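In what follows, a single structure is set out as structure tokens and then discussed.
Computed from the coordinates by the stated procedures, all read-outs in this text should not be read as laboratory data. These figures come from a predicted structure and were not determined experimentally. Don't worry about glycine lacking a Cβ; one is built from the backbone with ideal geometry, like all the others, and counts go over all protein chains shown.
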Amino acid sequence: MKLFKKISCLFIIIVGALLLSACTSHKEDKERLVRYLNNVYGENTYEMKEDPRHPYYWFVTLKDYPNIPFTCGVSHDWLAMGSPFIHSDFEETFCTRALAEYKEDHNLGDDVLSYLHPVNFAYSTEVTNLDQLKESYDKMLDFINYTSLKYPILVETDCFGVRMDISGIRLKSSRRNLDGSIDTSIYRQVCNAENGKLNITSFEEIRQELEPQLRTHPEDSNGFVFVVNTTSFVLGSDTLDDCLYKHFELSSTTVEELQKIKLQPGENSESYILVKDYNDNSLEYYTKVTVQVKNLSDKECSVLDGTLVKAIISDPASMYIGDVYFEFDKRKELTADLYDMLGTKRPSTSEEESDGVPYKNIRVLFKMKTYFKEIDSVTLSYQE
């Protein structure tokens with residue numbers, strides 16, 4: 001009986017302490033929220049009302065925008081015993097309101113303007129050249145001017161950003177997918193509010209950035225796609241200039257030197273080395289792609305315009321050769337038969353041991369390291 005009384009008293013004390021803590025916490029939360037609102041919007045610029053259904057939520061209305069209430073709340077992670085944090089739907093409420101009002105009176109054509117957290121607004125357009133992009137940019141700029149004037153609070157609170165999502169323009173770095181399609185997605189943050197001021201990237205800046213990267217030569221549908229780590233190359237279609245925009249570093253020479261070199265019809269270039277450090281699951285790879293191009297046209301061309309016909313890949317973390325995936329984990333010995341994975345035979349002649357075995361419209365040669373079952377290099381050669 002005495003034990004039961006002790007347990008009951010202890011339970012009453014714990015419950016009382018929790019209730020007292022909750023009351024104190026609620027008062028502190030309101031004070032914390034007031035400090036936050038004063039800091040963000042200024043004192044005496046808003047009204048707040050507690051949500052009767054949720055003790056940790058308040059409805060807030062800015063006096064300059066009396067018809068746009070938003071919600072603020074204070075969250076607690078009781079188990080983690082961390083500091084409470086404030087959350088608000090101010091950004092979403094005002095951004096979606098501004099977006100809806102603008103769309104009522106403005107026609108964007110085929111372009112799409114949407115709210116997207118955390119960039120605020122995403123302006124999507126599909127174009128094929130920079131002149132068409134300029135037309136979409138002007139529409140986007142009109143939205144920026146309209147919204148920043150009607151809802152300056154978005155700028156003042158640094159909640160105004162616009163990202164332009166562009167598709168349809170082929171860049172030298174555009175990824176050729178394994179199915180032959182081309183990923184022409186370009187994402188550019190063109191507007192951002194910082195310290196209460198708008199920073200807008202001019203179209204001329206965008207033009208100067210994209211113009212040198214435009215891919216001007218046609219795609220060869222017979223080109224063979226291979227992927228090194230996460231970067232795709234196309235034998236028989238990519239030029240050396242395209243390869244220089246694939247986020248690899250040219251280590252064997254300089255672009256200035258390459259600009260001086262000419263190739264005659266049918267002439268092969270020297271080999272050029274592209275390198276890139278790559279981290280995969282805490283393993284470091286120093287991937288090297290040695291490329292050779294050829295003038296496949298009937299007139300003289302710059303070596304930069306030569307077509308990729310050979311690639312030797314050293315120290316890759318992974319590769320796709322066509323649609324066949326290879327993983328080269330340095331922690332494990334390579335036990336699989338790489339030729340068998342491709343569905344082709346191993347080299348059996350001196351020519352195949354030198355140039356590789358036929359696979360579709362290329363030749364493939366795997367070279368292993370001498371003392372450990374690990375890939376040394378993969379050679380891919382285009383067959384015209």
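Comparing His247, His54, His217 in a Gaussian network model of the chain where C-alpha atoms under 10 Å apart are linked, the largest mean-square fluctuation is found at His54. Extending 7 Å from the Cα toward the beta-carbon at both Ser167 and Gln264 defines two label points whose distance is 4.7 nm. Computed from backbone phi, the HN-Hα couplings of region 265-279 come to x, x, 7, 8, 8, 6, 8, 10, 9, 10, 10, 7, 6, 9, 10 Hz, rounded to whole numbers (Karplus: 6.51 cos²θ - 1.76 cosθ + 1.60, θ = phi - 60°; Gly and Pro given as x).
Is the shape of region 92-213 best called rounded, prolate or oblate, per the rule: a/c under 1.5 gives rounded, else a/b larger than b/c gives prolate, else oblate, with a ≥ b ≥ c the square roots of the Cα gyration tensor eigenvalues?
prolate
Please identify the helices of the chain, taking whole runs of DSSP H, that span at least 27 Å along their own axis as judged from the Cα atoms and have a mean Kyte-Doolittle score of 0.5 or higher. Mind dumping the intermediate values first?
Working: long enough: 2-41 (58 Å, 0.40); 130-150 (30 Å, -0.63).
What comes out of the filter, once short or polar helices are dropped, is none.
Could you pull out which residues in region 135-172 have an amide N less than 20 Å from a spot 7 Å beyond the Cα of Asp105, following the Cα-Cβ vector? In region 135-172, the label zone of Asp105 (backbone N under 20 Å from the point 7 Å along Cα→Cβ) covers 138-155. The ranking of Asp241, Asp105 by Cβ neighbour count inside 10 Å, starting from the fewest, reads Asp105, Asp241.
With a Förster radius of 35 Å, plug the Cβ-Cβ distance of Leu149 and Asp51 into 1/(1 + (r/R0)^6) and report the FRET value to the nearest 0.05. Write down the numbers at each step before the final one.
Details: r = 32 Å, r/R0 = 0.92.
That gives a FRET efficiency of 0.65.
For every other residue with a beta carbon closer than 10 angstrom to the beta carbon of Lys197, add +1 if it is Lys or Arg and -1 if Asp or Glu, then tell me the sum. All intermediate terms of the calculation are to be shown ahead of the outcome.
On the way: positive: none; negative: Glu156, Asp158, Glu194.
Once all neighbours under 10 Å are counted, the net charge is -3.
Between Ser251, Ser136, Ser25, find the one with the highest GNM mean-square fluctuation for the chain; connect C-alpha pairs within less than 10 Å. Fluctuation is largest for Ser25. Taking 29 Å as the limit for the C-alpha separation, the pairs Lys294/Lys373; Lys139/Lys276; Lys30/Lys63; Lys276/Lys332 exceed it in the case of Lys294/Lys373; Lys139/Lys276. When only alpha carbons are used to place a centre, region 300-351 and region 228-250 end up 15 Å from one another.
Net charge dipole, region 26-77: roughly 60 debye, given to the nearest 20, about the Cα centre with Cβ charges of +1 for Lys and Arg and -1 for Asp and Glu.
In the neighborhood of Lys276, defined by Cβ-to-Cβ distances under 11 Å, what is the net charge if each Lys or Arg adds +1 and each Asp or Glu adds -1? Intermediate results must be reported in sequence, preceding the final value.
On the way: positive: Lys246, Lys288; negative: Glu249, Asp277, Asp315.
Around Lys276, the charge tally is -1.
Where does the chain land at 222 nm, in deg cm²/dmol rounded to the nearest 500, when only DSSP H runs of n ≥ 4 count, each adding -39500 (n - 2.57), divided by all residues? If you can, show how the numbers build up before the last one.
On the way: 9 runs with 109 residues, N = 384.
Taking each H run of at least 4 residues, the total per residue is -9000 deg cm²/dmol.
Largest mean-square fluctuation among Ser185, Ser282, Ser173, in a Gaussian network model of the chain whose springs join Cα atoms under 10 Å apart, belongs to Ser282. Each residue of region 335-348 was assigned a 3J(HN,Hα) from its phi angle through the Karplus expression (A = 6.51, B = -1.76, C = 1.60, θ = phi - 60°), giving 9, 6, 7, 5, 5, 5, 4, 7, x, 10, 7, 6, x, 10 Hz with x at Gly and Pro.
Counted by Cβ distance under 11 Å from Arg188, the other residues give a net charge of -2, where Lys and Arg count +1 and Asp and Glu count -1.
Cβ-Cβ distance of Gln132 and Thr230, R₀ of 30 Å, FRET efficiency by 1/(1 + (r/R0)^6): the value works out to about 0.50. Sequence-ordered 3J(HN,Hα) estimates for region 46-52 from the Karplus curve with 6.51, -1.76 and 1.60 and θ = phi - 60° stand at 8, 10, 10, 9, 5, 6, x Hz, glycine and proline given as x.
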